[in-house]
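S.K.: There's a structure below that I have some questions on.
The values are calculated or read from the model by the stated rules, or taken from the named source; none is laboratory data. Since the structure is predicted, the reported quantities are computational estimates derived from the model, not experimental observations. Heads up, the Cβs are rebuilt from the backbone with ideal geometry, glycines too, and the neighbour counts pull from every protein chain shown. Surface accessibility is based on the protein's heavy atoms, side chains included, excluding ligands, DNA and RNA. Shrake-Rupley method; radii C 1.70, N 1.55, O 1.52, S 1.80 Å.
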Amino acid sequence: MSVVVPADAWLVAIDLQQVFTGDSPWATPRYDEAAAGTQRLLPRFAGRTVFTRFVAPERPRGAWVPYYREWSFALVPDADPLYALTDPFAAAVTEGRARVVTEPTFGKWGTDLQAVVGDHPHLVLTGVSTDCCVVSTALAAADAGATVTVVADACAGASDEDHERALALMRLYAPLVTVVDRGTDLVTGQV
């Protein structure tokens, strides 16, 4: 199924960071596939790409207190290499080809991202983890009036089952949220 996205749509690549790779307790098993899917889309969104970063809060509050009790390895400053974007995404930011929004929350929709993409943008979401930060961002953005397209082959979940469940959940939000199977399903044009 092809989906038309406007020429001014934004690619928002969620949390393509070191902390979700390798032997990290938060490693996403299909991270490399999500990163490759995102990388294939970068040329189509030149000048309209945002990478998000999940970081620990300086001082956890509320429900985050027991969360970080369980995941204490992640309580490091946001400049720690653990929270760095992986390559080639870090290079895209360094070279000024993309912007970064950093949040200590799963969902990345908020005033910082909105300041970059506008009040009611069309967002094309990729990244990790489909069942956590991607779904949290997609639903909040759609609820705020953004049009959201999620590219399934450029996302990865904590497991294949969790990935599929998150995609199924987001499909329930149509037409506010559209899930496409592949990046090649995106057609740029007038909406």
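S.K.: Hey, can you tell me all the residues within segment 113-131 that are among the hydrophobic types (A, V, I, L, M, F, W, C) and touching a Gly at 6+ places or on another chain (Cβ under 8 Å)?
M.R.: Answer for segment 113-131, where residues must be among the hydrophobic types (A, V, I, L, M, F, W, C) and touching a Gly at 6+ places or on another chain (Cβ under 8 Å): just V128.
S.K.: Give segment 25-40 a look and list any residue that's closer than 11 Å to D153 by Cα and of a type in the set (A, V, I, L, M, F, W, C), or say none.
M.R.: A34, A35, A36
S.K.: Filtering segment 65-83 down to residues that are within 24 Å of G22 (Cβ to Cβ) and of a type in the set (A, V, I, L, M, F, W, C), which residue is surrounded by the fewest Cβ atoms within 10 Å (Cβ to Cβ)?
M.R.: A79
S.K.: Then there is this: Under 6 Å between Cβ atoms, which residue pairs at least 6 apart in sequence (or on different chains) link something in segment 121-144 that is more than 15 Å from C155 (Cα to Cα) and at pLDDT 95 or above with a partner that is open to solvent by less than 10 Å² (accessible area, probe 1.4 Å) and part of a strand (DSSP E or B)?
M.R.: H122/V5; A141/L123; A141/V148; A142/V148; A142/V177
S.K.: Now for a separate question. Hey, can you tell me all the residues within segment 86-102 that are among the aliphatic types (A, V, I, L, M) and in a loop (DSSP other than H, G, I, E, B)?
M.R.: Hit for segment 86-102 is A98, nothing else.
Residue-by-condition table, conditions (1) open to solvent by 50 Å² or more (accessible area, probe 1.4 Å); (2) under 19 Å from F54 (Cα atoms); (3) outside any helix (DSSP H, G or I):
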position	(1), (2), (3)
V116	no, yes, no
H120	yes, no, yes
D131	yes, yes, no
L139	no, yes, no
V151	no, no, yes
A158	yes, yes, yes
L169	yes, no, no
Y173	yes, no, yes
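S.K.: Now a separate question. Of all residues in segment 84-97, which are open to solvent by less than 20 Å² (accessible area, probe 1.4 Å) and over 14 Å from the mean Cα position of the chain (by Cα)?
M.R.: Of everything in segment 84-97, just one residue is open to solvent by less than 20 Å² (accessible area, probe 1.4 Å) and over 14 Å from the mean Cα position of the chain (by Cα), namely A92.
S.K.: Right, here's the next one. Has segment 103-114 got at least one residue that is open to solvent by 70 Å² or more (accessible area, probe 1.4 Å), in a loop (DSSP other than H, G, I, E, B) and either farther than 27 Å from D23 by Cβ or modelled with pLDDT under 95 (or both)?
M.R.: no
S.K.: Same structure, new question: Looking only at segment 1-52, filter to residues that are hydroxyl-bearing (S, T, Y) and assigned to a helix (DSSP H, G or I); which one of those is nearest to V151 (Cα to Cα)?
M.R.: T38
S.K.: I've got another one for you. Considering (1) touching a helix residue (DSSP H, G or I) at 6+ places or on another chain (Cβ under 9 Å); (2) open to solvent by 30 Å² or more (accessible area, probe 1.4 Å); (3) under 29 Å from G189 (Cα atoms), say which one Q18 fails and leave the rest.
M.R.: Going through the list (1) touching a helix residue (DSSP H, G or I) at 6+ places or on another chain (Cβ under 9 Å); (2) open to solvent by 30 Å² or more (accessible area, probe 1.4 Å); (3) under 29 Å from G189 (Cα atoms), Q18 breaks only (3).
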